[in-house]
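The values are calculated or read from the model by the stated rules, or taken from the named source; none is laboratory data. Owing to the predicted nature of the structure, the values given are computational and were not obtained by experimental measurement. As a convention, Cβ positions derive from the backbone with ideal geometry for all residues, glycine included, and neighbour counts pool all protein chains shown.
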Amino acid sequence: MGKPLSMDLRERVVGAIWEGMSRRAAAARFGVSAASAVRWAALQRDHGKPAAKPQGGDTRPAKVEANAARIWALHDAAPDITLAELRAALAEEGIAVAVSTLWRFFARHRYTRKKRPATRKSRIVPMS
């Protein structure tokens, strides 16, 4: 994904528009698309600045974090529960999440879910 254009450029385009230049002329003068000039002028008008919206990051954890207490309660009740079983138990309560969402939830909380205890390395044969 590309990076947003600089705030300096956005402010110069919007400044030219507010001084009376048309949006298309300002876009051509500064070498940006007409659609960008229109959007930046609208952002300036509506929000007071033509800043870009935040990019990247996972925007979904809020949904699963809202139910964190229930996830931990189900996990504590059955520590050997699989992610698929945990997902099914949450679905019965009306909480729809994917297995990958639960995986990221545990990873975010730095909790590993190993099923077997760690064993020492074999000196003869690699273990899987």
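Within the range 47-102, which helices (runs of 4 or more DSSP H) (wholly inside it) include 2 or more residues that are touching a Lys or Arg at 6+ places or on another chain (Cβ under 7 Å)?
Working: elements: 61-65, 68-77, 83-92.
So the answer is none; nothing clears 2.
For the range 101-114, the count of residues that are modelled with pLDDT under 85, at positive phi and under 23 Å from the mean Cα position of the chain (by Cα) is zero.
Out of Val64, Val38, which single residue is within 16 Å of Trp18 (Cα to Cα) and of a type in the set (A, V, I, L, M, F, W, C)?
Working: Val64 fails: within 16 Å of Trp18 (Cα to Cα).
Just one listed residue meets the conditions, Val38.
Taking the criterion of being surrounded by fewer than 12 Cβ atoms within 10 Å (Cβ to Cβ), hydroxyl-bearing (Ser, Thr, Tyr) and at pLDDT 95 or above, the only residue of the range 21-74 that qualifies is Ser33.
For the range 14-25, what are the residues that are under 10 Å from Val38 (Cα atoms) and part of a helix (DSSP H, G or I)? Walk me through it before giving the result.
The initial filter retains those residues of the range 14-25 that are under 10 Å from Val38 (Cα atoms), namely 14, 17, 22-24.
The answer is Val14, Ile17, Arg23, Arg24.
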